[in-house]
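Working notes for the structure below.
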Amino acid sequence: MPAKFVLIGSGLAGGLLAAYLGRRGYEVDLHERRADPREGNIVGGRSINLAISTRGIHALEQIGIADEALRHAIPMRGRMIHDKAGALHFAPYDVDPKNCINSIGRASLNTTVIEAAQRYPSVRVHFNRKCTDVDLTEAVCRLETETGKLAVRGDAVIGVDGAFSMQRNIDSFQYNESYLAHGYKELTIPPAPDGSWLIEKNALHIWPRKSFMMIALPNPDGSFTCTLFWEFEGPRSFTTTRTDDDVRHFFDEEFPDAVPLMPTLLDDFKNNPTGSLVTIRCAPWYYRDRVCLLGDAAHAVVPFYGQGMNAAFEDCIVLDECLDKFADNRERAFAEYFERRKENADALADLAIGNFIEMRDKTASRAFRAKKKLDHLLEAALPGVYLPLYTMVTFTRIPYAQAARRARLQDRILYAALVLIGILALAVLRALSQRQ
């Protein structure tokens, strides 16, 4: 008789994992505290769209739903930098113009993975069920529903949303939450009257302002979802900007080219929630053969590399491979999955925070843009030998930790070569001057 998995959280990774497990013939009960996203129950102001790239697309391809999922995705071929004077600077993501990230709606992708899971007869999906506790030794989940409480038993429980039951019940469980001093608020640039996009469609727009920034991603309806990343506290912050006049003054000063495109700015700023940005690190991700964590439950990261969803989808592939490799030893499968993913999840967490600093502080500088051009020149001149960090993370499936190590080594070699070239140039100039 096939094992029964109880999955907690039918978000993006939960739905995809249910499809992978269903394909293997496992019995799957998937429980979600929110309502069915296919009924239009989407909360505004909370990460409406996402960026999917090579790792996530590969995971969708393995289950046969990539084309379906990407039907309405919008390719973004680079960053469009908006300076305070309104000048635009486009920086392609990669030397290969076919390499792009894709703006995709959370609701449509969530619907696609849930429906993919439900194509397998052994998968059942339940909404409006909140998990309140997990008995680790018995693999029993206690749930609250609209009509009361119930307990659901499985051979194993996989948490895709929240690690707190592990934290409460295992003395050796290590758990750390690290919050940025910045929060985020989502705003909107609506479509033009004819339904077209008011700014460049195939780009991720960034307004870098040193300690804070705003970004915008395109939507299929011609609108853009903008996100302001700003300090919670300080002289200029979410806390101190309270009145309509305060909001207008701040945006007029910092984002003058965007304000005319945002007719609902004041309403959006006032009514959309201010979210927190958290990194979660924990260990171990499993308990015997009974409980396992995946995606944000194991390794939530800040969104600045656009890899949170992609990494969670990659988790699904690795866990599926481990369950196949150790079909008769689920604890061994969970242990190998943890061993393969933990180092890479920690590396991604560091990369994501580093990319926040790069996006808000460096993208507007000429030196940064020159370094990106040099990266692309070297990548074109040395194909397969030199790969920029962003390319490795976003357009390959090289493990995150390996990509970070390789990028550090490449940088050391590049800087050493530049220093050597500088020394040789000075030596040549000195020799020429002495001859004169």
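The values are calculated or read from the model by the stated rules, or taken from the named source; none is laboratory data. A quick note: this is a predicted structure, and the numbers were derived from the prediction, not measured. Reconstructed Cβ throughout: ideal geometry from the backbone, glycine too, with neighbour counts over all protein chains shown. SASA here: full protein model, heavy atoms, side chains in, ligands and nucleic acids out. Shrake-Rupley method; radii C 1.70, N 1.55, O 1.52, S 1.80 Å.
Would you tally the residues in segment 401-436 being open to solvent by less than 100 Å² (accessible area, probe 1.4 Å) and of a type in the set (Lys, Arg)?
The total comes to 1.
So which residues in segment 235-268 are among the acidic types (Asp, Glu) and in a helix (DSSP H, G or I), if there are any at all?
244, 245, 246, 252, 253, 254, 267, 268
Residue under question is residue 130, and the condition is that it be open to solvent by 30 Å² or more (accessible area, probe 1.4 Å), farther than 30 Å from residue 375 by Cα, basic (Lys, Arg) and out of contact with any Cys (no Cβ under 9 Å at 6 or more places or on another chain); does it hold?
yes
Give the number of residues within segment 397-420 that are among the hydrophobic types (A, V, I, L, M, F, W, C) and modelled with pLDDT under 95.
The qualifying residues number 9.
Count, please, the residues in segment 87-108 that happen to be over 17 Å from residue 201 (Cα atoms) and in a strand (DSSP E or B).
Counting residues in segment 87-108 that are over 17 Å from residue 201 (Cα atoms) and in a strand (DSSP E or B) gives 0.
Tally the residues that are under 13 Å from residue 96 (Cβ atoms), among the β-branched types (Val, Ile, Thr) and in a helix (DSSP H, G or I), restricting the search to segment 369-420.
Adding up the residues that qualify gives 2.
Within segment 186-236, how many residues turn out to be in contact with a Ser or Thr (Cβ under 8 Å, 6 or more places away or on another chain), open to solvent by less than 50 Å² (accessible area, probe 1.4 Å) and either of a type in the set (A, V, I, L, M, F, W, C) or on the phi > 0 side of the Ramachandran plot (or both)?
13
Within segment 31-62, work out how many residues are over 20 Å from the mean Cα position of the chain (by Cα), small (Gly, Ala, Ser) and modelled with pLDDT under 85.
Count: 1.
Does residue 356 meet the test of being surrounded by 16 or more Cβ atoms within 10 Å (Cβ to Cβ), in contact (Cβ under 8 Å) with a residue 40 or more places away in the chain, of a type outside the set (S, T, N, Q) and in contact with a Cys (Cβ under 9 Å, 6 or more places away or on another chain)?
Taking the combined requirement at face value, the residue does not satisfy it.
Mind listing whichever residues of segment 265-282 are closer than 19 Å to residue 344 by Cβ and not hydrophobic (A, V, I, L, M, F, W, C)?
Listed by number, the residues that qualify are 279, 281.
Working only within segment 377-395, note down all residues that are of a type outside the set (A, V, I, L, M, F, W, C), over 22 Å from residue 313 (Cβ atoms) and either touching a helix residue (DSSP H, G or I) at 6+ places or on another chain (Cβ under 8 Å) or surrounded by 19 or more Cβ atoms within 10 Å (Cβ to Cβ) (or both).
Across segment 377-395, the qualifying residues are 379, 386, 388.
Just one of (1) more than 21 Å from residue 20 (Cβ to Cβ); (2) over 21 Å from the mean Cα position of the chain (by Cα); (3) open to solvent by 20 Å² or more (accessible area, probe 1.4 Å) trips up residue 118, so point out which.
(1)
Quick check on my filter: what residues within segment 269-288 are under 30 Å from residue 138 (Cβ atoms), open to solvent by less than 50 Å² (accessible area, probe 1.4 Å) and part of a loop (DSSP other than H, G, I, E, B)?
284, 285
Restricting attention to segment 308-321, and to residues there that are of a type outside the set (A, V, I, L, M) and surrounded by fewer than 23 Cβ atoms within 10 Å (Cβ to Cβ), which single residue is farthest from residue 186 (Cα to Cα)?
So, considering only residues that are of a type outside the set (A, V, I, L, M) and surrounded by fewer than 23 Cβ atoms within 10 Å (Cβ to Cβ), the one farthest from residue 186 (Cα to Cα) is 321.
Considering each of 328, 361 in turn, give the residue that is charged (D, E, K, R), part of a loop (DSSP other than H, G, I, E, B), on the phi < 0 side of the Ramachandran plot and open to solvent by 20 Å² or more (accessible area, probe 1.4 Å).
Of 328, 361, the one residue that is charged (D, E, K, R), part of a loop (DSSP other than H, G, I, E, B), on the phi < 0 side of the Ramachandran plot and open to solvent by 20 Å² or more (accessible area, probe 1.4 Å) is 328.
Have a look at 21, 30 and point out the one that is assigned to a helix (DSSP H, G or I), crowded, with 21+ Cβ neighbours inside 10 Å and of a type in the set (A, V, I, L, M).
Answer to the check: 21.
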